[in-house]
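The values are calculated or read from the model by the stated rules, or taken from the named source; none is laboratory data. Predicted model, so just to flag it, every value in this text is computed and none were measured. Because the Cβ atoms are built from the backbone with ideal geometry, glycine has one as well, and the counts that use them run over all protein chains shown.
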Amino acid sequence: MAEVNYYGTGRRKTSIARVWLRTGDGKITINGREAEEYFPREYWKVHALGPLATTQSVGKFNVMVDVKGGGLTGQAGAVRHGIARALLQADDANRKPLKVAGQLSRDSRMVERKKYGLKKARRGQQFSKR
């Protein structure tokens, strides 16, 4: 029997995750390391693997992720988005539960750029009358 691959790209802030799902026993690899090792905080791991729990497919797929850019919070969000998109390729019946849980939508919030004449994006010089 040939193995079937499902692919999804996830993005969050400046992080980009490329996710491959293969039918298997539930092994999760992120950048060549186990998920528990890559995401030291439980919140990041639960957040990243949320779509698998939403669609009741925790032990059905082997997940291989290549994620780059940003910090661990952004990377966890990118992995979540990529897994949700790959699950959508695997089965169209997954669309409704993923959509209701809000895991298919891209979080478009980005860091606002710094403007000239200001110290930060919005913070200006402190005013002093004297």
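Looking at (1) among the aromatic types (Phe, Trp, Tyr); (2) touching a residue at least 12 places away in the same chain (Cβ under 8 Å); (3) farther than 21 Å from residue 4 by Cα, which one does residue 116 not meet, given that it meets all the others?
Every condition holds for residue 116 apart from (2).
Taking residue 102 as the residue in question, decide whether it is small (Gly, Ala, Ser), closer than 24 Å to residue 22 by Cα and outside any helix (DSSP H, G or I).
Answer is yes for this residue.
Before we move on, is residue 79 hydrophobic (A, V, I, L, M, F, W, C), under 21 Å from residue 26 (Cα atoms) and assigned to a strand (DSSP E or B)?
Criteria not met by residue 79.
Name the residue that is farthest from residue 91 (Cα to Cα), counting only residues in segment 24-67 that are hydroxyl-bearing (Ser, Thr, Tyr) and in contact with a strand residue (DSSP E or B) (Cβ under 8 Å, 6 or more places away or on another chain).
Filtering first and then ranking leaves 38.
Helices (runs of 4 or more DSSP H) wholly in segment 31-73 with at least 3 residues that are surrounded by fewer than 19 Cβ atoms within 10 Å (Cβ to Cβ) - which ones?
Hits in segment 31-73: 35-38, 42-48.
Of everything in segment 106-130, what is surrounded by 11 or more Cβ atoms within 10 Å (Cβ to Cβ) and not acidic (Asp, Glu)? Give them in sequence order.
Start the filter on segment 106-130 by keeping residues that are surrounded by 11 or more Cβ atoms within 10 Å (Cβ to Cβ), which leaves 106-107, 114-115, 118-119.
Listed by number, the residues that qualify are 106, 114, 115, 118, 119.
Does segment 63-82 contain at least one residue that is under 17 Å from residue 5 (Cβ atoms) and without any contact (Cβ under 8 Å) to a residue 40 or more places away in the chain?
no
For residue 93, are the conditions met, namely being in a helix (DSSP H, G or I), small (Gly, Ala, Ser) and in contact with a strand residue (DSSP E or B) (Cβ under 7 Å, 6 or more places away or on another chain)?
Working: in a helix (DSSP H, G or I): yes; small (Gly, Ala, Ser): yes; in contact with a strand residue (DSSP E or B) (Cβ under 7 Å, 6 or more places away or on another chain): no.
The answer is no for residue 93.
Among the residues of segment 74-93, count how many are out of contact with any Pro (no Cβ under 6 Å at 6 or more places or on another chain) and either aliphatic (A, V, I, L, M) or modelled with pLDDT under 95 (or both).
Within segment 74-93, residues that are out of contact with any Pro (no Cβ under 6 Å at 6 or more places or on another chain) and either aliphatic (A, V, I, L, M) or modelled with pLDDT under 95 (or both) number 10.
Is there any pair with a first residue in segment 30-44 that is free of Cβ contacts under 8 Å to residues at least 12 places away in the same chain and a second that is assigned to a helix (DSSP H, G or I) and surrounded by fewer than 13 Cβ atoms within 10 Å (Cβ to Cβ) whose Cβ atoms are under 8 Å apart and which are 6 or more apart or on different chains, and what are they?
Nothing qualifies.
Which of (1) closer than 11 Å to residue 83 by Cα; (2) out of contact with any Gly (no Cβ under 6 Å at 6 or more places or on another chain) is the odd one out, the single condition residue 17 does not satisfy?
Residue 17 satisfies all of (1) closer than 11 Å to residue 83 by Cα; (2) out of contact with any Gly (no Cβ under 6 Å at 6 or more places or on another chain) except (2).
For the list (1) of a type in the set (Gly, Ala, Ser); (2) within 17 Å of residue 61 (Cα to Cα); (3) assigned to a loop (DSSP other than H, G, I, E, B), I need the number of the one condition that residue 86 fails.
(3)
When you check residue 10 against the structure, is it part of a helix (DSSP H, G or I), in contact with a Lys or Arg (Cβ under 8 Å, 6 or more places away or on another chain) and within 18 Å of residue 99 (Cα to Cα), yes or no?
Judged against the criteria, residue 10 is not a match.
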